[in-house]
Amino acid sequence: MIPTILPKVSERKVMSLLFALEETREFFMEAFLKALREKPLNKISVKELCQRTGYNRSTFYYYFEDVYDLRKQVETNLIHSIISEISLQPNLTDEKFIKSLITVHKVYGEIIVFLNRDSSFYESYKQALQPHLLAFLKVEKINTELDLIFDFVMGGIFALLEKYARQDIPLTVEELTLFIQEQINKLSVWHSYSNNENSH
């Protein structure tokens, strides 16, 4: 059985915070997250989810194509929740934005770790963040070099937030906020320098 990474949080409570969906769909998502605590995605069956919720298979298929579609819906809604926080902030390095990002990972860190283990969650997450990075750097599109830097920086930040969610980093929210802000600023400085060099 997979050990609990964060202090035990009711999946039902998490779902009620994350998704404003029909109650039945919410029950299936709750059951899915409980099952994901205990086993890999490919070991979770529709039959098991129906047993956990008390609903029949036809009800499951009314909401989802299969278990992978259920996972995708959980993933999509989680990313939407995170991006909604970002959209409220005018600047990617804004202190409030970074704190909200840390808070989201602190609350939902366990779910993020499990989703990232069994899916392309990080890639979807990175793609969702990309428009905000473009706005921050004041560019219309990301070229190959900038995309590599973006991967490097965001991969590091993502791993850092996962470690923080597991309580493996002895920093306060303020200290971690400052550290992440410095890394994003370095990306901006590098981009400005690169543009100046290319213009000569």
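The values are calculated or read from the model by the stated rules, or taken from the named source; none is laboratory data. Given the structure is predicted, the values throughout are model-derived calculations rather than measurements. So basically every Cβ, Gly included, is an ideal-geometry build from the backbone, and we count neighbours across all protein chains shown.
Values for this structure:
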read-out	value
Test: residue in region 36-57 that is over 25 Å from the mean Cα position of the chain (by Cα), outside any helix (DSSP H, G or I) and surrounded by fewer than 17 Cβ atoms within 10 Å (Cβ to Cβ)	yes
Conditions (1) surrounded by fewer than 17 Cβ atoms within 10 Å (Cβ to Cβ); (2) modelled with pLDDT of 70 or more; (3) in a helix (DSSP H, G or I): number failed by residue 108	(1)
